[in-house]
Amino acid sequence: MNVEPEVTSPDDDNKPGRGVYLLPNLLTTGTLFSGFYAIVAAIDHNFSRAGMAVFIAMIFDGLDGRVARWTNTESAFGKEYDSLSDMVAFGLAPSIVAYQWGVVRIAEYGDLWRRIGWLAAFFYAVCAALRLARFNVKVASSDKRYFEGLPSPSAAACVAGLIWVSSEHDVDGLPALILGFAVTAFIGALMVSRFAFWSGKSLDLRGKVPVAYLVLVPLIYAIYAAGPAEALLLSFGSYAASAPLLWLWRRISRSHAGSASQP
């Protein structure tokens, strides 16, 4: 009796396995849970805990990819899961925190202000989604030394840090609310901008660094001695401002150089 040989499709080798790697995906779940907790804390008007949760989400997000590379457990599933978790923790969570913090209070000054606050919070969420989508399609071809646009974890830290500080110091009033939503919208715009933000991947901590870098050590300690909320806002706010300020400095330098070269 002739038995037909089993024909296998070339696509069979590319089908995902039934299991997933536990450790990196467990860390990614920590990112997702922290984002979810930040949303719940914001709904309960506990903005200090919401800010802490966003910061914890950043720690989990920084660990999952590194652990996957160290243990050689990277997978397509993990990348997709990480991106979805990032959208919750660094896209939806900060926008809802901003909404819960300010929209109800700014509505007291008129319906127009309520709409502006609502749109600023939603604008941030849209920009985070666009930033993550652009990163996913360009990750293979992008320059590893720089990020195109402000990374979503840094953007989330800016928004959550600002609201965390304002809630701890009882900052209130229309000017403060306008500033909060303006910063939220501006940070969202930086995510989808084409500004080049230093990624830090070119820094070799095991190699030699300039002596001037040692000055940063006491500066970092001084920043964090001021308090976790202030440190979070100051650190990531400075990082968010670095690329636009550098771009502006280069434009001004070129303009002065062009004027000096003219007879």
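So, R0 is 41 Å and r is the distance between the beta-carbons of Ser199 and Ser48; what FRET efficiency does that work out to, to 0.05?
0.85
Considering amide H positions built from the backbone, and no H for Pro or chain starts, which residues 5 or more places from Trp198, or on another chain, come under 5 Å of its amide H?
Phe147
For the range 70-82, just list the computed ³J(HN,Hα) in residue order, Karplus coefficients 6.51, -1.76 and 1.60, θ = phi - 60°, integers in Hz, with x standing in for Gly and Pro.
Per-residue couplings from phi come out as 5, 9, 6, 10, 5, 8, 5, 4, x, 5, 5, 5, 4 Hz.
Can you work out the FRET efficiency for the pair Ala107 and Ala176, with r the C-beta to C-beta distance and R0 = 22 Å, to the nearest 0.05?
With R0 = 22 Å, the Cβ-Cβ based efficiency is 0.90.
How large is Rg/Rh for the range 21-245, to two decimals, with Cα atoms and a Kirkwood Rh?
Across the range 21-245, the Cα-based Rg/Rh ratio is 0.98.
Any chance you could check the Cα centroid distance between the range 94-154 and the range 27-51 for me, in angstrom?
Here the two parts' Cα centres lie 16 Å apart.
Starting from the exponent 0.38 and prefactor 2.2 Å, build the expected Rg for the range 104-149 from its residue count and divide its actual Cα Rg by it.
Numbers: Rg = 16.5 Å, N = 46, 2.2 N^0.38 = 9.4 Å.
Computed over Cα atoms of the range 104-149, the ratio equals 1.75.
Which order, highest average first, do 36-42, 131-137, 115-121 follow once you tally other Cβ atoms within 10 Å for each residue and take the mean per peptide?
36-42, 115-121, 131-137
Taken together, the values in this text are just the output of simple stated rules run on the coordinates, not laboratory data. Quick caveat, the model's predicted, so the values are computed rather than measured. FYI the Cβ positions are ideal-geometry reconstructions off the backbone, even for glycines, and counts take in every protein chain you see.
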